[in-house]
Amino acid sequence: MAATKRAIRFVTFDALYTLLKPRAPIPVQYAEAFAAAGLGTLDPNEVGRSFRAAYKQVHSNKPDAAAESASSFWQDVISLTALGAGADAKATKAALPTLVPQLLQRFSTDEGYRLYPDTIESLSRLQKMEIPYGLITNSDDRILNVLSCFDNRLLGAFKVWLVSDNIDMAKPDERIFRRAAVEATVERHQVVHIGDELENDYYGAMRAGMHALLLRLHGKDAAAAHEDRSKEDLTGVNV
């Protein structure tokens, strides 16, 4: 990265697959919950495929629903995910009143997520360098609940918290990055954003006038294990 340490006065992070990861792949956790709810043994690969399609469909039909009513939004996603993965329609309908709050609770706490091993070390190094940091995430309030479960003063030291569902803007919209700089009282060229998504994190931050680093982790818990990134062109990208 062209920027020197002295030039950077603020660091922003993405959340999922940057600071934290699912304890087990999300389709596996959903499949386990479906089985416990009496919906049978569903293939996690089919659950994952169905989840992506369900989320896209519900978000397209109700673009503001996640912010207005997380329970209603996720009930539709969970129902369509189960049905698309092969669950019985009658059994799914009967299970939803218990299944939906259980899954919402799981993914609102450290039951569903864990920090990456180097998260605390990285934040500690920034504090020692006296460089403050913040969060920019396309998520809802549950991500704040998740992070609060990890009892560490470093996680409580975020100077800026920008959660897309709370502010009616999301990455890669340049406005969310500009807002982070304003709230941190620094110039945009003094900020570096770190995240795992090429368009949402890297190019979104770059277009907003920030520096950016694309974080690509390896292994089954990396985002690449659940998304097809084979066609991405990383030429000239700071990875």
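Every number here is computed from the coordinates shown, using simple stated rules; none is lab data. Since the model is a prediction, treat every value here as computed from it, not as a measurement. Every residue, glycine as well, gets a Cβ built from its backbone with ideal geometry; the counts of neighbours run over all protein chains shown.
Annotations
- Ordering ALA208, MET169, HIS193 by Cα displacement along the dipole of region 164-208 toward the positive end leaves ALA208 in first place; charges were set at the Cβ atoms of Lys, Arg (+1) and Asp, Glu (-1).
- Annotation note: trypsin sites (Lys or Arg not before Pro) in region 134-170 located in DSSP loop regions with a Cβ neighbour count of at most 16 within 10 Å are ARG153, LYS159.
- The calculated FRET efficiency for ASP141 paired with ASP43, based on their beta-carbon distance and R0 = 25 Å, is about 0.20.
- Highest-MSF residue in the chain out of THR18, THR137, THR98 [GNM, Cα springs under 10 Å]: THR98
- The GluC sites (Glu not before Pro) of region 102-168 that meet both conditions, a loop assignment by DSSP and at most 16 other Cβ atoms within 10 Å of the site Cβ, are GLU111, GLU130.
- Rounded to the nearest 20 debye, the dipole size of the chain about its Cα centre is 460 debye, using +1 on the Cβ of Lys and Arg and -1 on the Cβ of Asp and Glu.
- With the gyration tensor restricted to C-alpha atoms of the chain, the semi-axes of the equivalent ellipsoid amount to 34, 18, 17 Å, longest first.
- Helical contribution to [θ] at 222 nm, DSSP H n ≥ 4, -39,500 (n - 2.57), averaged over the chain, rounded to 500: -13000 deg cm²/dmol
- Neighbour net charge for ILE194 - beta-carbon separation under 10 angstrom, K R +1, D E -1: -3
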